[in-house]
């Protein structure tokens, strides 16, 4: 959706999609807005609770079945296993998606990792296609005035134009852009200290793997230290995503900087920042 400052200000039920890399502040802003009568739609939560719930539980049960005591309890249906994913704790999704590498060093064999990546992509697309329905639920069932779509950092990786078209039709897209080397370094540091589930486009992954293997003098990613590979590839993933975010925000949305977003303290600040982004684009 496109607006003038006046038409945005007069929009009675505001609906926004926050776009940007994991760790840039989308969930922080969404949680802040939730305290001001906004419905917070977390794509990652929807993915983990709805679309990957069964695969996550299957993965856990597969491990539990290796323990004779637990195997007996599961087969007799004497215990239940529950996926407790939360908006601010995506542990079950992170554990399921995993990292490619040597299983003895915390990794997942590449063939299985690729299967889970495909499931993650399908789940993210499905979660985005649910946005219009949740916009309706937010107003009609829960009585929220406004709606914020807190998307995963990999939205730009999905290569599904229909998803972007759907979000443009129903929401204003606000891209939170990292603009300085210092902010980029801090985002990468936070992402490595507190990792989120990562989706890699197959073409990007197949392009990067030979470079990593050559640097580490490995024959196969299945022999790699999974944490080392994730630390190595994340900065490259970040930089590869930037033009993809810009390709969405340029024609379809508005852009603010991560520094500007970090100054937001309440709904008034947020709305003022969106108006500033609209006004900036009007001048171009």
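Based only on other Cβ atoms within 10 Å, what is the fewest-to-most ordering of 94, 52?
Numbers: 94 18, 52 28.
In order of increasing Cβ crowding within 10 Å: 94, 52.
Compare 20, 91, 106 in a GNM of the chain, Cα atoms joined below 10 Å, and give the one with the largest fluctuation.
Answer for the Gaussian network model of the chain: 106.
Working out 0.36 nm times the residue gap between residue 266 and residue 279, then minus their Cα-Cα distance, what length gain in nm do you get to one decimal? Show your work: numbers first, answer last.
Working: separation 13, 0.36 × 13 = 4.68 nm, distance 2.03 nm.
Using 0.36 nm per residue and subtracting the Cα-Cα distance, I get 2.7 nm.
In percent, how large is the relative contact order of region 5-278, given Cα pairs closer than 8 Å and 6 or more residues apart?
Working: 361 pairs, mean separation 88.8, N = 274.
Result for region 5-278 is 32 percent.
For the ranges 68-78, 4-14, what's the packing order if you count other beta-carbon atoms within 10 Å of each residue, average per peptide, and put the highest first? Spell out each step's value before the answer.
Numbers: 68-78: 10.7, 4-14: 12.6.
Top to bottom by mean Cβ count within 10 Å: 4-14, 68-78.
Compute the convex hull volume of the Cα atoms of region 1-74, divide it by the residue count, and report the result per residue in Å³ as a whole number. Each step should come with its number before you reach the end.
Numbers: hull volume 11.4 nm³, N = 74.
Cα convex hull per residue, to the nearest whole number: 153 Å³.
Tell me, in nm to one decimal, what length is gained between residue 34 and residue 170 on full extension, where the rule is 0.36 nm per residue of separation less the Cα-Cα distance?
Taking residue 34 through residue 170 to full extension adds about 47.0 nm, to one decimal.
Please give the length that would be gained between residue 213 and residue 114 if that part of the chain were fully extended, namely 0.36 nm times their separation in residues minus their C-alpha to C-alpha distance (nm, one decimal).
Working: separation 99, 0.36 × 99 = 35.64 nm, distance 1.73 nm.
Answer, rounded to one decimal: 33.9 nm.
Taking neighbour counts of Cβ atoms within 10 Å as a proxy for exposure, in what order, fewest first, do 22, 162, 114 appear?
Details: 22 23, 162 11, 114 16.
Lowest count first: 162, 114, 22.
Of all beta bridges DSSP finds with both residues in the chain, what is the antiparallel percent, to the nearest 5?
Details: 1 of 20 bridges.
For the chain, the DSSP antiparallel bridge percentage is about 5.
Would you order 65, 21 from fewest to most other beta-carbon atoms within 10 Å of each residue's own beta-carbon? Can you show the working numbers first?
Details: 65 13, 21 25.
With the fewest neighbours first, 65, 21 line up as 65, 21.
For the chain, find the longest principal axis of its Cα atoms and tell me its angle to the long axis of helix 161-170, 0 to 90°, nearest 10.
Helix 161-170 and the main axis of the chain meet at about 40 degrees.
A short reminder: the numbers here are calculations on the coordinates, not readings from a lab. Bear in mind the structure is a predicted one, so any value in this text is a computation, not a measurement. Neighbour counts run over all protein chains shown; Cβ positions are idealised from the backbone, glycine included.
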